[in-house]
Every structure is written in C-alpha cells, then in structure tokens.
There are 2 protein chains.
Amino acid sequence: MAKIKVESSVALYPMPVLIVGTHVEGKPNFMTVGWATRMNPKPPILGIAVVKTHQTAQGIIENEAFSINIPNAELLKEADCCGIFSGREMDKAAFFDVFYGSELQAAPMIAQCPICHACKLVDTIELDPVHFFLGEIVETYTEKKYLTFGKPDLTKTNPFVLTLPDGNYRSVGDVIGKAWEIGAKHKP
Amino acid sequence: MAKIKVESSVALYPMPVLIVGTHVEGKPNFMTVGWATRMNPKPPILGIAVVKTHQTAQGIIENEAFSINIPNAELLKEADCCGIFSGREMDKAAFFDVFYGSELQAAPMIAQCPICHACKLVDTIELDPVHFFLGEIVETYTEKKYLTFGKPDLTKTNPFVLTLPDGNYRSVGDVIGKAWEIGAKHKP
C-alpha cells in the first residue's frame with residue numbers, strides 16, 4: 001500500500017443533479033444543486049446545501065418552502081444553465097412549465113421533470129458559506145409513464161449525475177449487483 | 001401534463017455508496033451508507049445519515065471521529081455486506097486492510113478503497129430515527145495510481161451508485177455533457 005495525502009476538498013463520489021425551486025420576490029426561480037441527500041425516512045426529509053448569497057437561499061428562508069425536481073437527461077442544458085446563471089441575470093422559470101401542488105404556495109415544480117418533491121422547510125443548519133436546508137417532503141409528483149408496477153422506475157425517469165473533478169454529467173450505468181443480496185449470498 | 005401524486009418516501013436520485021468507519025468498543029467497525037452529501041466547501045464538511053440504533057452511530061458520538069471510504073466496484077460484495085450485517089454479528093474490519101491517518105485515532109480507513117477521508121465530528125443533527133453527522137474532512141488519502149495530472153480521477157477510482165426502488169448497484173455511465181459549459185454554450 002502506498003497511500004498518499006491529497007487536498008481534502010475533493011468530492012469524488014457521483015453527485016445527483018437536482019433542480020431546486022422556490023419563490024424569489026414572489027416569482028418562481030430555480031437553481032441546480034449537487035450537494036443533497038436523504039436525511040430521514042419518516043417523516044421523509046431531504047437536505048440541500050445552498051451558498052448563502054444565492055437568491056434561492058433567501059427565497060427558501062422567506063417562504064419556508066422549496067421544491068426538489070429530478071431532471072432527466074433531456075433537460076441537461078436547462079439543468080446546467082440553472083447552475084451557472086443567477087435569477088438576477090435570467091428568468092430561469094421561462095425554461096419550464098411550472099406547476100404547484102395542493103399544499104405549498106411557494107414550492108414551484110417543473111412539469112418537465114419526471115419526479116418533483118414539494119418540501120416544507122423544517123430546519124436550517126448555518127455553515128460558512130453555506131445554508132444547509134432540511135425539507136420535509138409533503139408531496140411527490142410524477143406521471144404514469146414513469147411508473148412500473150405502480151412505482152417510479154429509474155430506467156424511465158433517467159436521472160443523471162455530476163462527477164468531479166472532471167466536471168462531467170454522466171448517465172447512470174449498468175447494473176453491477178443487487179443491493180442487500182450480493183453481500184449476503186457471497187460473503188467476502 | 002398528467003401529474004399524479006405518489007408516496008413521498010421515494011428516493012429516486014442515484015445515491016453514492018460509501019463505507020463509514022469508526023471505533024466501536026475500541027475496535028474498527030464499518031457500515032455502508034447511501035445518504036450522504038457534501039455540505040460545505042471550506043472547511044470541507046461531509047454529512048451522513050445513520051440510524052441511531054446502529055453501532056456506528058454510537059461509535060461516532062463516543063469518538064467524535066469517523067472515516068468515509070469510497071469503494072470501487074471490485075469491493076461490491078464487501079460494501080453490500082457492510083450494509084446488511086451489524087458489527088454485533090460479524091467482524092467487518094476483517095474484510096479489509098485498515099489504516100489510520102496522522103491526526104485521528106478513531107477514524108479507521110480502508111486500504112482497498114481508492115479514496116479515504118478522515119473526518120472530525122463537528123455537529124450532530126438529531127432526527128427520528130436518524131442521527132445526521134457533520135464531519136469536517138481533516139485528511140484525504142488515495143494512491144498515485146488513481147491520479148491523473150495530480151488529481152484523483154473518477155475513471156480510475158471507479159465508484160458506483162445505489163438506485164431505488166429497484167435496489168441495484170450500478171456503475172457510473174457515459175459522459176453526456178460538460179458541466180458549467182453545455183448550458184452556457186447552448187442556452188435553452
């Protein structure tokens with residue numbers, strides 16, 4: 001073994017690409033994030049990291065609501081654009097058909113995204129320079145065409161990931177094993 | 001558009017597969033997690049969700065230290081095993097060559113993993129049933145063979161993802177676009 005130390009701010013796991021929606025000055029705005037995770041199963045809570053100076057951070061704090069939309073590969077340009085440009089420079093809501101769920105008034109969702117979660121802000125972890133927002137999922141929307149046996153099917157929703165430091169978007173690859181099974185059947 | 005509501009605890013983005021290490025009763029123990037994210041750039045902070053009853057949660061609280069190891073596809077069975085079985089049933093450290101960095105005494109790392117972060121616990125968010133642990137990366141280890149032009153190269157470290165609800169491990173797929181570029185060059 002010849003382990004070497006490298007700079008610690010590397011981020012070498014594949015990150016999800018998600019588009020966060022909220023209201024800024026009363027209008028829908030969107031921002032792409034890759035720093036996001038499930039945090040709790042029930043109630044279902046998602047966490048997202050947003051640099052404090054972004055309009056999205058201000059909007060989430062003001063409205064206590066946001067959406068998390070999972071784009072498919074057909075929305076690659078739009079997703080990238082929502083990660084590059086600020087709502088101060090561009091009306092990013094114009095890229096999409098925006099819809100709302102029945103519960104939250106300031107969680108604009110993207111009709112073109114196969115999966116859309118409307119989230120109620122339940123906590124904010126203040127870091128520097130990031131606000132880490134905890135959102136409880138109150139509603140999840142999809143379409144029948146994305147379901148298989150009644151459940152959303154990732155091979156139909158076609159999400160993609162961001163990889164660093166190469167800075168590429170990549171598709172999700174081939175199945176290499178069954179989770180909670182391969183390790184039990186073939187103990188190392 | 002024919003949006004329908006579905007159960008909210010779905011988790012439809014591709015999740016990273018990471019092996020968390022800590023000491024339990026003075027000995028190294030490992031557990032696989034998929035609920036994890038970057039949270040802050042500088043200092044670099046990673047967040048992981050661990051159900052409170054797991055030995056790993058107790059170990060992290062006691063030691064205020066843990067490691068995050070990014071396995072490659074060759075470690076599929078070991079990673080799955082570390083997600084299925086408790087340290088109460090099995091000595092999971094026996095699967096690996098364990099090493100330590102120069103700073104943290106209770107952050108056992110896995111020599112077989114291409115990327116290993118040693119993290120100091122900086123905060124714990126108490127949810128139910130999850131503890132969400134914030135770890136500041138104090139050291140990151142890799143090997144020369146995983147570098148390209150001095151930086152870790154994901155095509156060499158070969159991480160994989162977990163997809164739900166299908167419950168499969170999948171490789172990272174082909175490049176479909178350049179981040180922070182495709183959206184600027186081809187505005188939607």
Fill in: Contact order normalised by residue count of the range A:82-188, Cα under 8 Å, 6+ apart, percent
14 percent
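On average, how many beta carbons from a partner chain sit within 10 Å of the beta carbon of a residue in B:30-43?
Details: counts 0, 0, 2, 1, 3, 7, 4, 16, 12, 10, 10, 9, 5, 4.
Mean shielding by partner chains, rounded to a whole number: 6.
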Worksheet, complete the sentence: Fewest-first ordering of A:Ile61, B:Ile48 by Cβ atoms within 10 Å yields A:Ile61, B:Ile48
Discussion item. If Rh is defined by the Kirkwood formula over all Cα pairs and Rg also comes from Cα, what ratio Rg/Rh do you get for the range A:35-112?
Written reply: 0.95
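State, as an integer percentage, the relative contact order of the range A:1-137 based on alpha-carbon contacts under 8 Å between residues 6 or more apart. Each step should come with its number before you reach the end.
On the way: 278 pairs, mean separation 38.6, N = 137.
With pairs under 8 Å counted, the relative contact order is 28 percent.
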Practice prompt. Provide a whole-number value for the mean count of partner chain Cβ atoms within 10 Å of the Cβ atoms in peptide A:130-136.
Written response: 3
Practice prompt. Please name which of A:Gly83, A:Pro165, A:Ile115 has its Cα lying farthest along the dipole of the range A:15-171 towards the positive end, using unit charges on Cβ (Lys, Arg +1; Asp, Glu -1) and the Cα centre as origin.
Written response: A:Ile115
Practice prompt. Compute the semi-axes of the equivalent ellipsoid of the range A:15-171, taking the square root of 5 times each eigenvalue of the Cα gyration tensor, and list them largest first in whole Å.
Written response: 21, 18, 16
Item to complete: Going by C-beta contacts inside 10 Å, put B:Glu64, A:Glu181 in order with the fewest on the left.
Response: A:Glu181, B:Glu64
Practice prompt. Within a 10 angstrom radius of each residue's Cβ in A:77-88, how many Cβ atoms of other chains show up on average? Whole number is fine.
Written response: 4
Worksheet item: P(r) tail for the protein assembly as shown, what percent of Cα pairs lie past 29 Å?
Response: 38 percent
Worksheet item: In deg cm²/dmol and to the nearest 500, what is the mean residue ellipticity at 222 nm of chain A if only DSSP H runs of at least 4 residues count, each as -39500 (n - 2.57), divided by the residue total?
Response: -3500 deg cm²/dmol
Practice prompt. Give a residue-ordered list of calculated ³J(HN,Hα) values for the range B:171-176 (Karplus: 6.51 cos²θ - 1.76 cosθ + 1.60, θ = phi - 60°; whole Hz; x for Gly, Pro).
Written response: 6, 7, x, 6, 5, 10
Item to complete: Go through A:Lys145/B:Lys187; A:Lys178/B:Lys52; A:Lys151/B:Lys52; A:Lys42/B:Lys187 and tell me which ones have a Cα-Cα distance over 31 Å in this structure.
Response: A:Lys42/B:Lys187
Fill in: Between the range B:102-180 and the range A:120-188, the alpha-carbon center distance in angstrom
16 Å
Worksheet item: Among all the lysines, which ones have a C-alpha under 24 Å from A:Lys144's C-alpha, if same-chain residues fewer than 8 places away are not counted?
Response: A:Lys156, B:Lys3, B:Lys5
Worksheet item: Among A:Lys120, A:Lys144, A:Lys178, whose mean-square fluctuation peaks in a Gaussian network model of chain A (Cα, cutoff 10 Å)?
Response: A:Lys178
Worksheet item: Suppose every K and R has +1 on its Cβ and every D and E has -1 on its Cβ; what is the size of the dipole of the protein assembly as shown about the Cα centre, in Debye to the nearest 20?
Response: 820 debye
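Values in this text are rule-based calculations from the coordinates and carry no lab data. Since this is a predicted model, take the numbers as computed values, not measurements. In this analysis, Cβ positions are derived from the backbone assuming ideal geometry, glycine residues included, and neighbour counts consider all displayed protein chains.
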